[in-house]
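Please treat every number below as a calculation from the coordinates, not as lab data. Keep in mind the model is a prediction, meaning the values are calculated, not measured. Every residue, glycine among them, receives a Cβ derived from its backbone with ideal geometry; neighbour counts consider all protein chains shown.
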Amino acid sequence: MKNEKMQLMTHAAAIAALYVVLTLIANALGLANYAIQVRFSEALTILPYFTPAAIPGLFLGCLISNLLTGGALLDVIFGSLATLLGTVGTYLLRKNKWLTPIPPIVANILIVPYVLAYVYKLEGSIPYFMVTVGIGEIISCGVLGMLLLNVLQKYRKYIFR
């Protein structure tokens, strides 16, 4: 029991660290913030399909990433909550792998546009930001995430015990 908890904490920490590194890379390339966001780290939101440790790992990774990339306080809070809601949804839908990227895409489409409009006061309407955020999330979660899921599925028994 103690070993199992330690393993879950280790997986969560590794996932958080990986999320941060991938976000920092996307940020250096100008892809992590603003109206169009293609965070490579969002591909990791499929990980609750394999392990519940991904839920706190991705939440903490997003929180740390948003702080490190200079996000406004409300962005740090609501952006991280969007990731948390999305990963919980992924975990709940884990019985059907093709549905796993949908919760993070929807959570971000419903939350992040309001942050962009009201916190950062970017020019554009909420529907416009929903489209731009949605496109980035579909690329990150839907395309990259599903590619990652299919690769990891082959090594599932070695990585996620």
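Between residue 122 and residue 36, what is 0.36 nm times their sequence separation minus the Cα-Cα distance? Round to one decimal in nm. Before the final figure, lay out the partial values.
Values: separation 86, 0.36 × 86 = 30.96 nm, distance 1.15 nm.
Extra length from residue 122 to residue 36 when fully extended: 29.8 nm.
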Original post:
What nm distance separates the two modelled labels at residue 28 and residue 14, each placed 7 Å from Cα along Cα→Cβ?
Top reply: 2.3 nm
Subject >> For segment 77-100 and segment 3-57, distance of Cα centres in Å >> reply: 12 Å
**OP:** Starting from the Cα of residue 5, draw a straight line to each of the lysines and keep only those under 30 Å, dropping any in the same chain fewer than 8 residues away.
**Re:** 95, 97, 154, 157
**OP:** Compute the acute angle (0 to 90°) between the alpha-carbon long axis of helix 126-137 and the principal axis of greatest extent of the alpha-carbon atoms of the chain; round to the nearest 10°.
**Re:** 30 degrees
**OP:** Could you point to the label whose value was computed as P(r) over Cα pairs in 5 Å bins from 0, in percent for the structure here, given (i) 2, 11, 19, 25, 21, 12, 7, 3, 1, 0, 0; (ii) 1, 9, 18, 21, 17, 13, 9, 6, 3, 2, 1, 0; (iii) 2, 9, 14, 15, 12, 10, 9, 8, 7, 6, 4, 3, 2, 0?
**Re:** (i)
Subject >> Contour excess over end-to-end distance, with Cα ends at residue 94 and residue 67 and 0.36 nm allotted per residue >> reply: 6.8 nm
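Taking the Cα centre of the chain as origin, work out the dipole magnitude from +1 charges on Lys and Arg Cβ and -1 charges on Asp and Glu Cβ, in debye rounded to 20. Before the final figure, lay out the partial values.
Details: 11 positive and 5 negative charges, 159 e Å.
Using Cβ point charges on Lys, Arg, Asp and Glu, the chain gives about 760 debye.
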